[in-house]
1. Need pairs with beta-carbon distance below 8 Å; first residue within 14 Å of TYR192 (Cα to Cα) and within segment 73-93, second of a type in the set (S, T, N, Q) and open to solvent by 10 Å² or more (accessible area, probe 1.4 Å); sequence gap 6+ or separate chains.
2. Which is open to solvent by 20 Å² or more (accessible area, probe 1.4 Å), of a type outside the set (Val, Ile, Thr) and modelled with pLDDT under 95, of ASP130, ASP106, ASP211?
3. Go through segment 186-201 and give me each residue that's free of Cβ contacts under 8 Å to residues at least 60 places away in the same chain and surrounded by 17 or more Cβ atoms within 10 Å (Cβ to Cβ).
4. Looking at ALA100, ALA77, can you tell me which residue is within 25 Å of GLU141 (Cβ to Cβ) and of a type in the set (A, V, I, L, M)?
5. Out of curiosity, is ASP166 open to solvent by 40 Å² or more (accessible area, probe 1.4 Å), over 22 Å from GLU212 (Cα atoms) and in contact (Cβ under 8 Å) with a residue 24 or more places away in the chain?
6. So in segment 44-68, with the set limited to residues that are assigned to a helix (DSSP H, G or I) and of a type in the set (A, V, I, L, M), which one is modelled with the lowest pLDDT?
7. Specify which of the listed residues (GLY136, GLY179) is modelled with pLDDT of 95 or more and surrounded by 15 or more Cβ atoms within 10 Å (Cβ to Cβ).
8. Looking only at segment 193-216, which residues are of a type in the set (A, V, I, L, M) and in contact with a helix residue (DSSP H, G or I) (Cβ under 8 Å, 6 or more places away or on another chain)?
Amino acid sequence: MNKVDAFLKHERKLKRALIVTCVLCGTLSTELLQPVFAGKGSVKGNSVPVTMLTPAEVTDLLFMREEEKLARDVYHAMHELYGQRVFTNIARAEQRHMDAILGLLDAYGLNDPCKEAGRFGNQELQKLYDMLVARGRKSREEAFLIGALIEEVDIADLMEAMAHTDKDEIHSVYSALLGGSKRHLNAFVRNYESVSQKTYQAQNLMQEQVDEIMGR
């Protein structure tokens with residue numbers, strides 16, 4: 001690799017890092033995204049044309065926005081029931097995840113599907129939310145279990161969404177959220193095991209995946 005190629009590679013890395021930082025901090029703007037799309041299309045108005053996304057990328061972004069909202073809303077409901085700090089802390093993190101996805105929706109000119117707390121445009125997520133909250137009302141132990149389940153599902157969905165995109169800025173944001181979901185799973189599992197005195201069993205991922213995340 002010559003010096004010019006090495007410089008360009010380094011510059012691309014810096015741009016991706018800047019975009020991810022701005023998205024996660026809620027300060028992503030079209031001006032920051034524009035260099036990434038140089039040669040791929042024009043920026044119109046306040047967003048990058050949605051035609052630059054594949055149907056799968058559009059579906060994933062909209063779904064992930066509401067899935068992160070589901071996590072936040074369920075954790076708020078569980079905190080109201082049990083007052084456990086883990087629910088408050090992770091709900092705040094889920095809000096940051098929602099904001100990160102919203103930054104991408106705004107950048108691509110996609111309409112935000114989110115509604116008020118506990119309400120979802122995606123009816124499957126609505127049914128899941130209602131089921132999880134009802135299950136979580138049974139006991140604090142169940143509340144920790146549904147927290148872990150949500151994070152397992154989120155991890156699987158993020159990994160699938162990452163496989164559907166070749167856009168660096170989307171992939172990098174998903175990757176950052178994936179790391180957060182793994183930390184959340186770890187927290188819920190440890191709280192569950194502390195309360196139940198049982199060893200946690202995977203609910204959606206393979207047990208080997210959960211054990212790896214837990215460092216076992």
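The values are calculated or read from the model by the stated rules, or taken from the named source; none is laboratory data. Given the structure is predicted, the values throughout are model-derived calculations rather than measurements. FYI the Cβ positions are ideal-geometry reconstructions off the backbone, even for glycines, and counts take in every protein chain you see. Heavy atoms of the whole protein, side chains included, go into the accessibility calculation; ligands, DNA and RNA do not. Shrake-Rupley method; radii C 1.70, N 1.55, O 1.52, S 1.80 Å.
1. MET78/GLN84; GLN84/ASN191; VAL86/ASN191
2. Exactly one of ASP130, ASP106, ASP211 is open to solvent by 20 Å² or more (accessible area, probe 1.4 Å), of a type outside the set (Val, Ile, Thr) and modelled with pLDDT under 95, namely ASP106.
3. Result: VAL189, TYR192, TYR200.
4. On inspection, the qualifying residue turns out to be ALA77.
5. No; evaluated as a whole, the condition is false for this residue.
6. VAL50
7. So the residue among GLY136, GLY179 that is modelled with pLDDT of 95 or more and surrounded by 15 or more Cβ atoms within 10 Å (Cβ to Cβ) is GLY136.
8. Of everything in segment 193-216, those that are of a type in the set (A, V, I, L, M) and in contact with a helix residue (DSSP H, G or I) (Cβ under 8 Å, 6 or more places away or on another chain) turn out to be VAL195, ALA202, LEU205, VAL210, ILE213, MET214.
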